[in-house]
Structures are given as structure tokens and as C-alpha cells.
Amino acid sequence: KFASSGAASAAWGMSYFLLLLLYMLILINSQLVMSSVAEEKTRREADMQIASKSPAPLLYGKIAAATETGLLQMALWAGGGLLLTAVSGSPHGAAAANTGTPDVSSILLGAVTAPELAAFVILFGLGFLQFSMLFAGIGSLINRTEDLGSISMPIVLPVVAGFILAMAALGTPDASWAVATSFVPLVSPFVLFARIAMSNVPLWQIAVALAINVA
């Protein structure tokens, strides 16, 4: 997939940055959804809202608002990171051109293609919706906000596991375990993106993985 070892290293670095971004956004925003649901329940706000509306639209609206916030955060963080990369490499651009040495910032900025960025956005949306629904469901079950930390741990573990598996998949994207876990919901958004970034994943595998996650 890569023309040189330098291009492969740059793609690995950008993929790591995007995976870390994916991990942080899903974890932070999903827990915010859970906290919001739990606070509304403990303050009896949910009881008043449910009296006039069904619970499902309220939950979907809350998750939709959190998704928009997450996408905005993703755009700001990714844009800021790319801008810093470009600015940090710009003073050396003239020297690189004169010596024939490739500009590091140009390599990094070109390491991730538009289809890969589109895959990142789609997988972020799928992963966030899966985890936010689970976190919101947990938040609706508790009676005290103090219990959030202990009761959310079983849902936090798949997020951490997905990130760890994706980091390993960056080095071996075509390994059998990487292919298999890219179809497993919750961890699939992380592993599948790592595989797309570092190898040529067959379209049928992407389609099946997306279908399973949507279902």
C-alpha cells in the first residue's frame, strides 16, 4: 500500500493520532451522556419530561446532541493537530526544497487519504452511537450519581480493549485475529479503522463490518 518505509511510518503516526482521538472522543462523550441521563433521573427531571413525551425521543435527542458535540470536538482537535503539524514543519520547507530532503509536515499531512478520513468519521459515528446507547442505558438504571464510576466499568473495558487491539492491528492489519475482531461490535470501529489505514481491506469486509455495527 505504501511506496516507501517513510510513507508507512507517517501513515502509522497519523493513524495512531486518529485512533487516540477516536478513543478519547467516544469515551469522554459517552460518559457525558450517561452522567446527563443519571442527573436528570436523580433530580426527577426525567419524570416530568416523560409525563409529556415518550422516553425514546428524549434519549435519541440527547444522543444526537452529544454526537454533534463529538463531531465538533473531533473537527477542532484534528484540525488543530494538523495545523500544528503544518506550522512546525513550515520553517524547514525552503531548506528541504534546496537539499532535496522531503518535508516532514508534507509527508504527515499526506499520510491519510480522503477515503480514510471518511471511514474515520463513519466509524466514529457508529462507535459513539453504540457506546452512548449503552452508557445512557446504564445511567437510567442508577438512583445515585455516586454509583456511576463503579457501574460504568464493564462498558469502559470494551473501549479500552478496542483501542489496544487497534494499536496492535496497526502493525499486523491482515492478521487473522485483526480480521475477526474488525467484525465484532464495540471493538470493530477501532480495529477496522486501523486496518483501513494500514492495508488494503477488501470492500466486502468493510461492508459486512459496517452492516453488523449498524444492526
Residues being at pLDDT below 85 and either exposed (fewer than 13 other Cβ atoms within 10 Å of the Cβ) or touching a Lys or Arg at 6+ places or on another chain (Cβ under 8 Å) (or both) - total across segment 142-181: 8
Selection from segment 182-211 of residues that are β-branched (Val, Ile, Thr), part of a loop (DSSP other than H, G, I, E, B) and open to solvent by less than 30 Å² (accessible area, probe 1.4 Å): 187, 201
Which listed residue is under 21 Å from the mean Cα position of the chain (by Cα), at pLDDT below 80, surrounded by 13 or more Cβ atoms within 10 Å (Cβ to Cβ) and farther than 15 Å from residue 12 by Cα, from 89, 127, 81: 81
Pairs with Cβ under 7 Å, 6+ apart, first in segment 68-79 and closer than 16 Å to residue 30 by Cβ, second assigned to a helix (DSSP H, G or I) and at pLDDT 75 or above: 69/29; 70/25; 70/29; 70/128; 73/25; 74/21; 74/25; 74/124
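The values are calculated or read from the model by the stated rules, or taken from the named source; none is laboratory data. These figures come from a predicted structure and were not determined experimentally. We place every Cβ from the backbone using ideal geometry, glycine too, and count neighbours over all the protein chains shown. Each accessible area value is taken on the protein alone, full model and side chains, heavy atoms only, with ligands, DNA and RNA left out. Shrake-Rupley method; radii C 1.70, N 1.55, O 1.52, S 1.80 Å.
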